[in-house]
Amino acid sequence: VLNAAIIAIQSYPQLSGEDVTMNPHYGDGYIDTVWELMETIFTIVYVLEVILKVTVDGWKKYSESPRNMFDFVITVLAVFATLYVYYPNAYSDSRLIRFIVMARVLRLTRLLFAVKPFELVGIVSVDIIPAASNVILLLLFVMYFFSAMGTILYGGLITRDPANPLSYTLLQAEDFVDNEYWANNFNDMVSGLNVLFNLLVVNNWTECEIGFEYVTGGKWVRLFFFFFHLVGVIVINNVVIAFIINAFFQQLKTIEDRKGWEEQVDGEATIKGARAMFRASNITGTSTGVEGGYIARVRPRHMDVEVDERLALRKLFTRTSTTTSDA
């Protein structure tokens with residue numbers, strides 16, 4: 001949390017539109033501000049954290065955790081960026097370090113799992129992300145298609161180049177100019193996706209559209225914005241939201257069921273939560289020659305969040321027992 005606060009304070013001037021390149025401390029290649037010192041100290045702390053975890057758990061166990069690998073990648077990149085910026089060379093812009101360590105702020109999402117009232121919400125949210133990937137990809141495909149079409153139809157029309165007559169025509173779109181929507185254009189794919197995201201969240205899209213009317217000299221551009229609003233917002237976006245809400249409550253019910261009682265299945269296994277614990281020495285009356293206890297889990301195919309793991313485990317061991325008895 002403290003690291004996130006320091007990053008926010010450091011980044012505020014740039015996020016507020018201030019020209020930080022005029023500040024000599026950003027490009028002098030020295031640790032000569034309190035914030036740069038704190039940034040370096042946190043990088044050292046994270047390096048020590050990685051070393052201690054690897055030493056205690058071993059690399060194999062450490063690397064099996066996605067959280068650990070995220071921390072490891074960000075820490076390694078921060079170390080290389082710090083050495084590259086502060087080692088005497090032609091590049092000395094400390095903003096490179098800040099852009100990398102900004103990813104550390106994502107560690108705050110772990111508070112969802114640490115704070116009891118939000119723990120269940122955090123677990124459910126993580127579980128439904130893979131299941132929602134298909135509908136989210138559909139939304140991204142629609143946005144990519146419309147961005148490509150916008151680049152072909154309206155690329156280069158939104159400009160501030162004094163040598164381009166369109167820049168003076170655009171000044172007549174007062175709402176567009178007053179809101180400083182210069183970045184809302186289809187001059188490239190990324191800018192086009194930015195426009196479509198604004199349309200997706202219905203953020204002043206009429207003010208954005210009016211600028212394109214002026215530079216195209218007609219109102220046919222309204223059809224482009226209307227069709228995206230119809231397909232992307234009313235249809236696809238609502239499908240995505242409905243799917244996520246449905247998956248959330250379905251997975252919430254599944255997780256609550258996982259916390260249920262222990263259940264014995266024909267004396268073969270004990271189901272607790274989403275796991276079945278069994279002894280491998282004797283399975284369904286057959287001696288296996290294998291000693292020790294094992295845990296069986298069920299992973300849903302195609303990331304189906306509606307799979308009841310307890311029911312699937314119960315059927316697995318019950319069917320195994322019945323088949324063995326009949327044999």
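The values are calculated or read from the model by the stated rules, or taken from the named source; none is laboratory data. Since we're looking at a predicted model, the values are computed, not measured. Neighbour counts run over all protein chains shown; Cβ positions are idealised from the backbone, glycine included. Quick note on the areas: whole protein, heavy atoms, side chains included, nothing else; ligands and nucleic acids left out. Shrake-Rupley method; radii C 1.70, N 1.55, O 1.52, S 1.80 Å.
Across region 49-89, the qualifying residues are those that are within 22 Å of Leu37 (Cβ to Cβ), of a type in the set (Phe, Trp, Tyr) and out of contact with any Leu (no Cβ under 9 Å at 6 or more places or on another chain), and the one among them that is surrounded by the fewest Cβ atoms within 10 Å (Cβ to Cβ) is Tyr87. When each of Gly192, Gly260 is tested for being modelled with pLDDT of 85 or more and either closer than 30 Å to Ser125 by Cα or not hydroxyl-bearing (Ser, Thr, Tyr) (or both), the lone residue that passes is Gly192.
Within region 134-176, the set of residues being touching a Leu at 6+ places or on another chain (Cβ under 9 Å), aliphatic (A, V, I, L, M) and touching a residue at least 60 places away in the same chain (Cβ under 8 Å) comprises Leu139, Val142, Met143.
A count restricted to region 189-240 and to residues that are among the aromatic types (Phe, Trp, Tyr), over 24 Å from Leu138 (Cα atoms) and open to solvent by 20 Å² or more (accessible area, probe 1.4 Å) stands at 2.
Residues that are in a loop (DSSP other than H, G, I, E, B) and open to solvent by 30 Å² or more (accessible area, probe 1.4 Å) do occur in region 142-156, at least one of them. Within this structure, Asn246 passes the test of being out of contact with any helix residue (DSSP H, G or I) (no Cβ under 7 Å at 6 or more places or on another chain) and either exposed (fewer than 14 other Cβ atoms within 10 Å of the Cβ) or farther than 25 Å from Gly156 by Cβ (or both). Confirm whether Glu180 is more than 15 Å from Met149 (Cα to Cα) and outside any helix (DSSP H, G or I). Judged against the criteria, Glu180 is a match.
Yes or no, residue by residue, for (1) closer than 17 Å to Ala5 by Cβ; (2) in contact with a helix residue (DSSP H, G or I) (Cβ under 8 Å, 6 or more places away or on another chain); (3) among the aromatic types (Phe, Trp, Tyr):
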position	(1), (2), (3)
Leu37	yes, no, no
Ile44	no, no, no
Leu48	no, no, no
Leu52	no, no, no
Arg67	no, yes, no
Phe70	no, yes, yes
Val76	no, no, no
Ser94	no, yes, no
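Remark: pairs (first residue in region 45-56, touching a residue at least 40 places away in the same chain (Cβ under 8 Å); second residue of a type in the set (Gly, Ala, Ser) and surrounded by 11 or more Cβ atoms within 10 Å (Cβ to Cβ); Cβ separation under 8 Å; 6+ apart in sequence or on different chains) = Tyr46/Ala78. All of (1) in a helix (DSSP H, G or I); (2) open to solvent by 30 Å² or more (accessible area, probe 1.4 Å); (3) modelled with pLDDT under 75; (4) not β-branched (Val, Ile, Thr) hold for Ser11 with one exception: (2).
All conditions in (1) assigned to a helix (DSSP H, G or I); (2) modelled with pLDDT of 70 or more; (3) open to solvent by 60 Å² or more (accessible area, probe 1.4 Å) hold for Glu36, with the sole exception of (3). Within region 21-31, is even one residue in contact with a Leu (Cβ under 6 Å, 6 or more places away or on another chain) and at pLDDT 75 or above? Yes: region 21-31 contains one or more residues that are in contact with a Leu (Cβ under 6 Å, 6 or more places away or on another chain) and at pLDDT 75 or above. I'd like to check something: does region 113-121 contain any residue that is within 23 Å of Ile244 (Cα to Cα), open to solvent by less than 90 Å² (accessible area, probe 1.4 Å), free of Cβ contacts under 8 Å to residues at least 40 places away in the same chain and of a type outside the set (A, V, I, L, M)? Yes: region 113-121 contains one or more residues that are within 23 Å of Ile244 (Cα to Cα), open to solvent by less than 90 Å² (accessible area, probe 1.4 Å), free of Cβ contacts under 8 Å to residues at least 40 places away in the same chain and of a type outside the set (A, V, I, L, M).
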